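*Asks:* Please see the structure below; I have some questions.
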Amino acid sequence: MLKDRLLVQTLVKKNVEYVWDVYHNPKYIINWNHASDDWYCPTAMNDLVVGGKFTYRMSSNDDKYSFDFEGIYTKIEKPSFFAYVMTDGREVDVYFRKHLEGTEIFIFFDPEKENPKELQQMGWQSILDNLKLYTESL
């Protein structure tokens, strides 16, 4: 399935250990984990160990719609790589690479079948862009 995987990436102008913490710490996740300004993340739980689970609640600003984004960690190499499986069986690999200007993040993910791949890629990229903006503002 590797050829069907999608990629989003960014460069965050902070060191890799700091970016890793902002990416995984629930006190930060609730501030950046949304794809658009009409959604927010009211709660986040994260057990960052192999076999551990994360759950991020995603809600519309009017609270009419919400869903949980969840996964189970399958591999962790702090602070450079982690992988997880979402509840629907799709796999995700996330790489953190030191860069002269900060930290590069590469996320490879299996697309779902309900929405066009371009829409999925835009949504994941938007969330990653929010991480970048939030982290650089700290």
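The values are calculated or read from the model by the stated rules, or taken from the named source; none is laboratory data. Being a predicted model, the structure only gives us computed values, none of them experimental. Heads up, the Cβs are rebuilt from the backbone with ideal geometry, glycines too, and the neighbour counts pull from every protein chain shown. The area values use the complete protein model at the heavy-atom level, side chains included, leaving out ligands, DNA and RNA. Shrake-Rupley method; radii C 1.70, N 1.55, O 1.52, S 1.80 Å.
*Asks:* If you roll a 1.4 Å probe over the heavy atoms of the protein chains, what accessible area per residue do you get for the chain, in Å²?
*Replies:* Working: 7790 Å² over 138 residues.
Solvent-accessible surface per residue comes out at 56 Å².
*Asks:* If you count, for each residue, the other Cβ atoms within 10 Å and average over each peptide, how do 16-24, 78-86, 47-55 line up from highest to lowest?
*Replies:* Descending packing order for the listed peptides: 16-24, 78-86, 47-55.
*Asks:* Take the residue pairs K53/K78; K75/K98; K14/K78; K13/K78; K53/K117; K14/K53 and return only those whose Cα atoms are more than 23 Å apart.
*Replies:* K53/K117; K14/K53, as the Cα separations exceed 23 Å there.
*Asks:* Per the 1.4 Å probe, what fraction of the accessible area of the chain, in percent, lies on carbon and sulfur atoms?
*Replies:* For the chain, the apolar C and S fraction of the accessible surface comes to 53 percent.
*Asks:* Let me ask something additional. Once the piece of chain linking L48 and K78 is laid out straight, how much longer is it, given 0.36 nm per residue of separation minus the C-alpha distance between them?
*Replies:* Taking L48 through K78 to full extension adds about 9.8 nm, to one decimal.
*Asks:* Then there is this: Take the alpha carbon atoms of the stretch 76-106, find their center, do the same for the stretch 36-70, and report the distance between the two centers in whole angstrom.
*Replies:* 18
*Asks:* Test of understanding: what is the full-extension gain from F108 to E136, defined as 0.36 nm times their sequence separation minus their Cα-Cα distance?
*Replies:* Gain in length upon complete extension: 7.8 nm.
*Asks:* Pairs of Cα atoms under 8 Å, at least six residues apart: use those to get the relative contact order of the chain, whole percent.
*Replies:* Working: 274 pairs, mean separation 43.4, N = 138.
Once divided by the residue count of the chain, the mean separation gives 31 percent.
*Asks:* How large is the Kirkwood hydrodynamic radius of the stretch 28-82, in angstrom, based on all distinct alpha carbon pairs?
*Replies:* After inverting the pairwise mean of 1/r, the radius is 12.1 Å.
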